[in-house]
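What follows is a set of notes on a single structure, which appears directly below.
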Amino acid sequence: MNEMSTQLFEQAKKIIPGGVNSPVRAFKAVGGLPVFMREAHGARITDVDGREYVDYVMSWGPLILGHAHPAVVEAIKDQAGKGTSYGAPTPLEVGLAELIIEAFPAMEMVRMMSSGTEAVMTAIRLARAFTGREKIVKFEGCYHGHADSLLVKAGSGVATLGIPGSPGVPKHLAELTLTVPFNDQASIANVFEVHGQEIAGVIVEPVAGNMGVVTPNPGFLKKLRELTKAHDSLLVFDEVITGFRLTWGGYQGIAGIDPDLTCLGKIIGGGLPVGAVGGKRIIMEQLAPLGPVYQAGTLSGNPLAMTAGLTTLALLQHSTDCYEAMDRLAFSLCEEMKPLFSRKGIPVTINRMGSMFTVFFTSEPVSDFASASRADKEMFARFFRGMLKNGISLPPSQFEAWFLSLAHNHEDMDETLAACASTLKNL
Ligand SMILES: *Cc1c(COP(=O)(O)O)cnc(C)c1O
């Protein structure tokens, strides 16, 4: 039944480490073989064996308009015919930068790059250069890409595979990264009391998405703003997932917090490789060629990603209720899933913010990485495999967010609920 996928995986494993180009795709945490995909439209994705799924991975967040949105496809086609990269500035970069700055009042300048990892790496370098300090604070279970300084107690694939950090990260570099439990105001205050004068910056996913969805407790982000301000450290919001996912702009707008730097990625590239770091002028002016902090990229701001991003953002900006619509759909899906689990006596905690959510197989609230880790990962794995068999593609890990897009509709929800009921019957 999965002949093509099985064969491709065998072929891939011989020449690509683990057969995949990003670890979580290998299905190690859920068992079974990864499904190779052929094409996707809207909320549906089709594998190489011709089986169709309702997709909740959505390329891990970028595809807020759904797969192959006609306007995005048209924009990419049109631009491709005019050249895919010039290694010179283009009007598209200026257009996207203007749109982003308009949506993020805390940003006065922004620099484009090709991945979220690069954006975060640059934000850390800027924070260190600007403050003349070396220590960085991050939160357990938050993932900020795979740059050396941030692969410490990182969520996402690192958590999925149960790796505490990563070999190859120099010890002396890892020692400069201090980690604190998410939502733990006492711990972060304590870290500042001890190390305050050495801390260049605090980086946080304002709504965590990489240990599964974990929302900030009231006052948590405000506390970070107060502490960083009081100690002349920078506050860096990693909004690579949350940027344009929950509202026009970032979660910082909803929380009413002005971070010094913001990292973006995913949605702003409309499904093409992208990253961006933006923030206060005085900090951003440290970047070369204005300042001494070096950062560059052959394909940075390339016209294909810029036009896909511009098209995506323009559609979001001009829609009157796209975020409310996704919120309503996600709300009803989550509410209707709950009784299916409870009827089977399977405790779950569903964490949700707008169109991103995670079903944790645990009865307790999930507010940090420790509580997320206590979820029943074996139960999740069985649920995942059942759902896949029933035509629903979920992220293959307990520690990931499920994403809705504007292309998901009530029919997709009904199919998902039916698949859920049928999966639970055989769990
Ligand atoms: C995906 C992600 C990154 C890394 O972005 P890439 O484009 O995969 O390098 C960084 N931070 C967060 C919060 C992310 O979800």
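The values are calculated or read from the model by the stated rules, or taken from the named source; none is laboratory data. All figures in this text were calculated on a predicted structure; none of them were measured in a lab. With ideal geometry, Cβ positions are generated from the backbone for all residues, glycine too; neighbour counts draw on all protein chains shown. Just so you know, the surface numbers come from the protein's heavy atoms only, side chains and all, with ligands and any DNA or RNA stripped out. Shrake-Rupley method; radii C 1.70, N 1.55, O 1.52, S 1.80 Å.
Some values worked out for this structure:
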read-out: Charge dipole (debye, nearest 20) of the range 70-317; +1 at Cβ of Lys and Arg, -1 at Cβ of Asp and Glu; value: 160 debye
read-out: Residue among I282, I15, I199 with the largest mean-square fluctuation in a Gaussian network model of the chain, springs linking Cα atoms under 10 Å; value: I15
read-out: MRE, 222 nm, helices only [DSSP H, n ≥ 4, -39500 (n - 2.57), over the chain, to nearest 500]; value: -11500 deg cm²/dmol
read-out: Residues in the range 257-296 that a label on A325 would reach, taking backbone N under 18 Å of a point 7 Å out along Cα→Cβ; value: none
read-out: Simple label model, 7 Å out from Cα along Cβ direction - W248 to A418, nm; value: 3.8 nm
read-out: Pairwise FRET efficiency - S363 versus K229, Cβ, R0 = 35 Å, nearest 0.05; value: 0.35
read-out: Bridge type composition, the chain - antiparallel percent by DSSP, nearest 5; value: 60 percent
read-out: Listed residues E74, E400 arranged by accessible area, highest first, probe 1.4 Å; value: E74, E400
read-out: Positive-end extreme of charge dipole, the chain - chosen from L234, V191, P167 (charges on Cβ); value: P167
read-out: Estimated dipole of the chain in Debye, rounded to 20 [Cβ of Lys and Arg +1, of Asp and Glu -1, Cα centre]; value: 820 debye
read-out: Estimated FRET transfer efficiency when R0 is 22 angstrom, pair D49-E378 (beta carbons, to 0.05); value: 0.25
read-out: Computed label-point distance, nm, for sites N190 and K222 using a 7 Å Cα→Cβ extension; value: 2.3 nm
read-out: Ranked order, S114, S59 - accessible area, probe 1.4 Å, largest first; value: S59, S114
read-out: Accessible solvent surface per residue of the chain, calculated while the other protein chains remain in place, 1.4 angstrom probe, Å²; value: 41 Å²
read-out: The chain, relative contact order [Cα under 8 Å, separation at least 6], %; value: 23 percent
read-out: Most positive-pole-ward Cα, Q317, I76, P105, against dipole of the chain from beta carbon charges; value: I76
read-out: Positive-end residue, the chain charge dipole about Cα centroid, Cβ charges, pick of L63, V293, I136; value: I136
read-out: Exposure of R374 as accessible area (Å², to 10), given a probe of 1.4 Å and all protein chains; value: 140 Å²
read-out: Relative packing of peptides 75-86, 378-389, 122-133 - highest average C-beta neighbours within 10 Å first; value: 122-133, 378-389, 75-86
read-out: Net charge of Cβ neighbours under 13 Å - reference A200; Lys, Arg +1; Asp, Glu -1; value: +1
read-out: Accessible area in the full protein assembly, largest first, 1.4 Å probe, for E205, E411; value: E411, E205
read-out: Gap separating the Cα centres of the range 392-415 and the range 32-60, nearest whole Å; value: 11 Å
read-out: Rounded percent of accessible protein surface that carbon and sulfur make up, the range 259-394, 1.4 Å probe; value: 56 percent
